[in-house]
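Down below is the structure, laid out as structure tokens.
Derivation of every value follows stated rules applied to the coordinates shown; laboratory data play no part. What you see is a predicted model, and the numbers here were worked out from it, not measured in a lab. A quick note on method: Cβ atoms are made from the backbone with ideal geometry, for glycine too, and the neighbour counts reach across all protein chains shown.
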Amino acid sequence: MYRLEHSQIVRTPRSQMFAFFADATNLERLTPSSVGFTIVSPLPIEMKVGARIEYRIRISGVPVRWLTRIAAYEPDERFIDVQERGPYKLWHHTHTFHSVDGGTEIRDLVLYEIGMGPFGRLAHRAFVQHRLRAIFDYRSRVMNELFG
């Protein structure tokens, strides 16, 4: 199992940050256009435990459908999305929000597995870990532009 951790502080109150991330339509603006991220589920999506959100992405140009389920939802604190169907053997993404002086610390913990044995480990080293990190780095830049 692999682990990706990311954190960022923005100068915005926690309740506003949580609301921003809980609105699934904001995922498109936080994802690089090269990923081809599109929400397939009908909008608006009511965020709550059990909500399912289907996306379409591209991996090396290949279209992939991705279905996630909200496994935990605690307003202004955290939510967890888990993959039900998609490109990973396992995807468990915890989003947490902490008030800090002058704003909010946004933390992400992603636990994921690729599968495919040695080929999956090679793919992870060769490009998956770098692409995931690049997506979170992009998101940080966008968040800085939007919220400082």
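Quick notes on this one:
- Spans of strands (runs of 3 or more DSSP E) in the range 23-117 with at least 1 residues surrounded by fewer than 16 Cβ atoms within 10 Å (Cβ to Cβ) and of a type in the set (S, T, N, Q): 90-100
- Residue match in the range 61-75 (condition: charged (D, E, K, R) and over 17 Å from the mean Cα position of the chain (by Cα)): no
- The range 121-144 residues that are under 28 Å from GLU105 (Cα atoms), paired with ones that are surrounded by 13 or more Cβ atoms within 10 Å (Cβ to Cβ) and among the acidic types (Asp, Glu) (beta carbon under 9 Å, 6 or more apart): PHE136/ASP108; ARG139/ASP108
- Cβ-Cβ under 9 Å pairs, at least 6 apart or on other chains, the range 1-18 side assigned to a helix (DSSP H, G or I), far side acidic (Asp, Glu): ARG14/ASP76; ARG14/GLU77; ARG14/GLU105; SER15/ASP76; MET17/ASP76; PHE18/ASP76; PHE18/GLU77
- VAL142 being in a strand (DSSP E or B) and over 16 Å from ALA22 (Cβ atoms): no
- Count of the range 1-12 residues which are more than 20 Å from TRP91 (Cβ to Cβ) and surrounded by 15 or more Cβ atoms within 10 Å (Cβ to Cβ): 4
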